[in-house]
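Below you'll find the structure, written out as structure tokens, and then a few comments.
The values are calculated or read from the model by the stated rules, or taken from the named source; none is laboratory data. Not measured: the values here are computed from a predicted model. Note that each Cβ is placed from the backbone with ideal geometry, even for glycine, and that neighbours are counted across all protein chains shown. Protein only, heavy atoms only, side chains kept; ligands, DNA and RNA dropped before computing areas. Shrake-Rupley method; radii C 1.70, N 1.55, O 1.52, S 1.80 Å.
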Amino acid sequence: MTFSSFEYFLKSLNAHSVIGASIKKTDYIPLDLSIDNAELKVVNTSSSADLEQFIFNYIKTNKAKVAFGGYLEKRNIYQRSTYFNQHNSKEERNIHIGLDIWVEANTAIYAPLDGTIHSFKNNTNHGDYGPTLILKHQINDIEFYTLYGHLSESSIANKSVGVEVKQGDVISVLGASEVNGDYPPHLHFQIIKNIEDYKGDYPGVSNLLNLEFYKSNCPDPNLLLKLN
């Protein structure tokens, strides 16, 4: 893999944990939700309850507190939603371009870096982000954005664009399946170089046709979070 200067820049940053420093990195376990995971073949992934049982049983069995992963995973869990499906298979969006952190609802989410509130929105399509917050960061003359999806409704209440956020501030809490797009509780965390004209939203799942663009514009969030 050839790293860009931006990816090296992300690796150089000392980020705060997005779910709090009290959870140690040894408490995290990688989770594979790709189409290649044979264990998912017996799980009804169209049911958020069934998928939640699978994920949190996996966390418990592995004596962990948090599961994470998903960057560039090709997944079938999006097939339940017409929001992601297209008539042409090459246009079907099923490649995940953020990093998911699976942990209980109402878990506090922290700002990994200093920034300002760029935008927020409740994305209510079935299988979408639900309540979403985007921060803007300006570090060493480099501008980029971080997106936080699947939050609680209260997380975007009383927010104002342009408000300063300090590294380590609580910025939101995770939502339950009833409000987060109908998923087991988790944070979708994504880094975005060029936000284009999006506000409170940005694609978190790509099709094959656009994947190279999104790989460049949305590098691996784990370069910043360093979870393994």
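Take the Cα of L72, go 7 Å toward its beta carbon, and the backbone nitrogen atoms of region 1-34 under 12 Å from that spot belong to 1-4. Once the Cβ-Cβ distance of K41 and D141 is raised to the sixth power relative to R0 = 41 Å, the FRET efficiency obtained is 0.25. Computing FRET efficiency as 1/(1 + (r/R0)^6) for K60 and S22, where r is the C-beta to C-beta distance and R0 is 25 Å, gives about 0.85.
Count neighbours as other Cβ atoms within 10 Å of each site's Cβ, and list the chymotrypsin sites (Phe, Trp or Tyr not before Pro) in region 162-228 that are DSSP loop with at most 12 such neighbours.
Qualifying residues, ordered by number: none.
Dividing the summed -39500 (n - 2.57) terms of all DSSP H runs of n ≥ 4 by the residue count of the chain sets its mean residue ellipticity at 222 nm at -4000 deg cm²/dmol. Here the gap between S160 and S12, fully extended at 0.36 nm per residue and compared with their Cα-Cα distance, gives a gain of 50.3 nm. Among the listed values [x] 39, 19, 16; [y] 25, 20, 18; [z] 28, 21, 17, the one computed from these coordinates for semi-axes √(5λ) of the Cα gyration tensor in Å is [y]. Extension gain for the segment A108 to N210, taken as residue separation times 0.36 nm less the Cα-Cα distance, is 33.4 nm to one decimal.
Counting 0.36 nm for each residue step from D32 to N125 and taking away their Cα separation leaves a gain of 31.0 nm.
Charge dipole of the chain (Cα centre as origin; +1 on each Lys and Arg Cβ, -1 on each Asp and Glu Cβ, all else neutral): 400 debye, rounded to the nearest 20. Whole-Hz Karplus values for region 33-46 come out as 10, 7, 5, 8, 7, 5, 5, 6, 5, 9, 10, 7, 6, 7 Hz, taken residue by residue from phi with 6.51 cos²θ - 1.76 cosθ + 1.60 and θ = phi - 60°; glycine and proline positions read x.
For the chain, the per residue solvent-accessible surface stands at 48 Å², with DNA, RNA and ligands left out and a 1.4 Å probe.
Within the accessible surface of the chain, defined with a 1.4 Å probe on protein heavy atoms only, the carbon and sulfur portion equals 47 percent.
Shape of region 120-223 from the C-alpha gyration tensor: oblate (a/c of 1.5 or more and a/b not above b/c, with a ≥ b ≥ c the square roots of its eigenvalues). Of the whole protein surface, L209 contributes about 110 Å² of accessible area at a 1.4 Å probe radius.
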